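**Student:** My questions will all concern the structure given below.
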Amino acid sequence: MTGEEILTGRTLRVQSGADTGQSWKFERIAERADGMHHVHVSRPGGKLGRIHREFHPRVFGCEITVEITWRRSLGHAACRAWAKADDYLMAGLFALVPLAFFEHYHWAEDIVAVLGR
């Protein structure tokens, strides 16, 4: 199915190997630790529920293409930067509250002394 996006839940049939002709339900694309992408599929397994497996896309006659546009990459980086800046600003505000009470307590005598004259 070159050039066509496969949606979750679609039935895929094995095109090569010993299990040629078996049908599997497409679940998701799984990235392995070595950086390769595999197809995560499942099918009914009798008393055990569903059997989950990961196969190389070639087994189903598929090819995986991962496309990330520069706009999406830049937008994601900007959102993460704003989230970090927002977290640090909130942490700074929370840190200023105890400091304000501390300063208020220590300057209280001087303020009363100046106003009491």
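**Student:** Could you state how much accessible area His52 has, in square angstrom rounded to the nearest 10, with a 1.4 Å probe and all protein chains kept in place?
**Tutor:** Estimated to the nearest 10 Å², His52 gives 100 Å².
**Student:** Once you've got the GNM for the chain with C-alpha springs shorter than 10 Å, pick whichever of Phe26, Phe60, Phe94 has the biggest mean-square fluctuation.
**Tutor:** Comparing Phe26, Phe60, Phe94 in the GNM, the peak value goes to Phe94.
**Student:** While we're on this one: Note the full-extension length gain between Arg32 and Glu63 as 0.36 nm times their separation in residues minus their Cα-Cα distance, in nm to one decimal.
**Tutor:** Details: separation 31, 0.36 × 31 = 11.16 nm, distance 1.57 nm.
Extra length available between Arg32 and Glu63 comes to 9.6 nm.
**Student:** Along the positive direction of the dipole of segment 3-117 (beta-carbon charges: Lys, Arg +1; Asp, Glu -1; about the Cα centre), which of Gly75, Leu12, Phe102 reaches farthest?
**Tutor:** Of the options given, the answer is Leu12.
**Student:** I need the P(r) histogram for the chain: all alpha carbon pairs, bin width 10 Å from 0 out to the longest distance, whole percents.
**Tutor:** That works out to 11, 23, 17, 12, 11, 9, 7, 7, 4, 1, in percent per bin.
**Student:** Would you mind checking the tilt of helix 70-116 against the longest principal axis of the Cα atoms of the chain, expressed as 0 to 90 degrees and rounded to 10?
**Tutor:** 20
**Student:** Taking the full set of protein chains and a 1.4 angstrom probe, give the accessible area of Val97 in square angstrom, rounded to the nearest 10.
**Tutor:** Val97 has an accessible surface of roughly 80 Å² with all protein chains in place.
**Student:** Now, a different point. Calculate one ³J(HN,Hα) per residue across segment 52-64 by plugging θ = phi - 60° into the Karplus curve 6.51 cos²θ - 1.76 cosθ + 1.60, and present them in order as whole Hz with x for glycine and proline.
**Tutor:** Karplus-based 3J(HN,Hα) across segment 52-64 equals 10, 9, 10, 10, 5, x, 4, 4, 9, x, 10, 9, 9 Hz.
The values are calculated or read from the model by the stated rules, or taken from the named source; none is laboratory data. No experiment lies behind these values; they were computed from the predicted model shown. With ideal geometry, Cβ positions are generated from the backbone for all residues, glycine too; neighbour counts draw on all protein chains shown. Protein only, heavy atoms only, side chains kept; ligands, DNA and RNA dropped before computing areas. Shrake-Rupley method; radii C 1.70, N 1.55, O 1.52, S 1.80 Å.
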